[in-house]
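These notes concern the structure reproduced below.
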Amino acid sequence: MNLKDTVKLTNGVEMPRLGFGVWKVKDGDEAVNSVKWAIEAGYVSIDTAAAYKNEEGVGQAIKESGVKREDLFVTTKLWNAEQGYESTLAAFDESLRKLELDYVDLYLIHWPVKGKFKDTWRAFEKLYNDKRVRAIGVCNFHEHHLKELMEDAEIAPMVNQIELHPELTQEPLRNYCAEHNIVVEAWSPLGNGKLLDNEEIKAIAEAHGKSVAQVILRWDLQIGVVTIPKSVHQERIIQNADIFDFELTEDEVAKISALNKDKRTGPDPDNFNF
């Protein structure tokens, strides 16, 4: 595996297994610099969202990077307040305007807003059929949300981006997604930084001469999950991508998976109020 390694979505689109996330990255210089550093380090996948309020910085970085648009994989997400059919189409246009792009590679529903996400998904299907997005998916959908969505969907979600890390391994949901050919993508793969002091992962990291973050990201890849670590520090961005020259043993993967406590750092998708 390497930084260009991809997983094939149900429609044949190749999605990079390791990407760069920009949650909590400030718009302006911080967003522009961090995305440019990521692209310079070899990342091709950049993950943003309308709610992050940094699409303009991401777009500027892409333009200034000198890398061809078709050589990058850009994801953005629809915010909750814009859910619904017409409002989704308008919000997508606004995201494209801010990113200064003609299309995005992956468009995601950010949260399963009750009573709205089905109409929203119809708009997603239209955007997909109109070839304005290369792939469509969801974030933070539990199994029952996916089932409800797929009752009426003409196109099944291709990706489900969820909170996933060693203390929240999401195994039943991952199994359900695998059965339905939905690629699972991890947000907050390092548990919002809270896992960097974990003694068991530290011991594994020392055995490989790697950092705890590198071991967790390597674990993501070995359990078949797409992962999008975030950093605004150039050396950390480079370090997070340096995970292709070692492999965890089956025993080490099992040890990390056994740390699961079903512990979230973010809201439960069944109980959020935004």
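The values are calculated or read from the model by the stated rules, or taken from the named source; none is laboratory data. None of these values were measured; they are calculated from a predicted model. Neighbour counts run over all protein chains shown; Cβ positions are idealised from the backbone, glycine included. Ligands, DNA and RNA are stripped out before the accessible areas are found, and what is left, the full protein with its side chains, is counted by its heavy atoms. Shrake-Rupley method; radii C 1.70, N 1.55, O 1.52, S 1.80 Å.
Observations on the model:
- All Cα-Cα distances of region 34-114, cut into 10 Å bins from zero to the largest, leave 18, 53, 23, 6, 0 percent in each bin in turn.
- Region 162-210: Cα Rg divided by the 2.2 N^0.38 Å rule of thumb: 1.37
- Restricting the calculation to Cα atoms, every distinct pair contributes to the Kirkwood radius of region 126-274, found to be 16.5 Å.
- Difference of contour (0.36 nm per residue) and Cα-Cα distance, residue 270 to residue 97: 59.1 nm
- Computed with a 1.4 Å probe over protein heavy atoms only, the accessible area of residue 256 comes to about 0 Å².
- Cα gyration tensor shape for the chain, rounded if a/c is under 1.5, else prolate or oblate: oblate
- Total charge dipole magnitude, region 155-274, about the Cα centre, Cβ charges on Lys, Arg, Asp, Glu only, Debye to nearest 20: 320 debye
- Taken about its Cα centre, region 51-200 carries a charge dipole of about 440 debye when Lys and Arg each add +1 at the Cβ and Asp and Glu each add -1 at the Cβ.
- Cut-off 15 Å, label 7 Å out along Cα→Cβ of residue 144, residues of region 87-129 by amide N: 112-115
- Modelled this way, with points 7 Å down the Cα-to-C-beta line, the labels at residue 153 and residue 180 are 0.6 nm from one another.
- Net charge, residue 33 excluded, C-beta distance under 12 Å - Lys, Arg +1, Asp, Glu -1: -3
- Put a dot 7 Å past the Cα of residue 81, heading toward its Cβ, do the same for residue 130, and the two dots end up 2.3 nm apart.
- Gyration tensor (alpha-carbon) shape descriptor, region 54-199, a/c threshold 1.5: oblate
- CD proxy at 222 nm, helix term only [per DSSP H run n ≥ 4: -39500 (n - 2.57); per residue of the chain; nearest 500]: -11500 deg cm²/dmol
- Computed over neighbours whose Cβ is under 12 Å from that of residue 89, the net charge equals -4, Lys and Arg +1, Asp and Glu -1.
- Gyration tensor (alpha-carbon) shape descriptor, region 174-243, a/c threshold 1.5: prolate
- For the pair residue 254 and residue 71, a Förster radius of 25 Å applied to the C-beta separation gives a FRET efficiency near 0.10, rounded to the nearest 0.05.
- Cβ charges +1 (Lys, Arg) and -1 (Asp, Glu), total dipole of the chain, debye: 380 debye
- With the charge dipole of the chain set up from +1 on Lys and Arg Cβ and -1 on Asp and Glu Cβ about the Cα centre, the Cα lying farthest toward the positive end among the listed residues 92, 44, 158 is that of 92.
- Value of Rg/Rh across region 9-63 [Cα atoms, Kirkwood radius]: 1.01
- nm² value of the averaged projected area, convex hull over the Cα atoms of region 200-274: 6.5 nm²
- Rg ratio for region 68-152: its Cα radius of gyration over 2.2 N^0.38 Å, N being its residue count, equals 1.05.
- Summing charges over neighbours of residue 154, with a neighbour being any other residue whose Cβ is under 11 Å away from its Cβ, gives 0 when K and R count +1 and D and E count -1.
- Accessible surface ranking for 79, 121, 1.4 angstrom probe, highest first: 79, 121.
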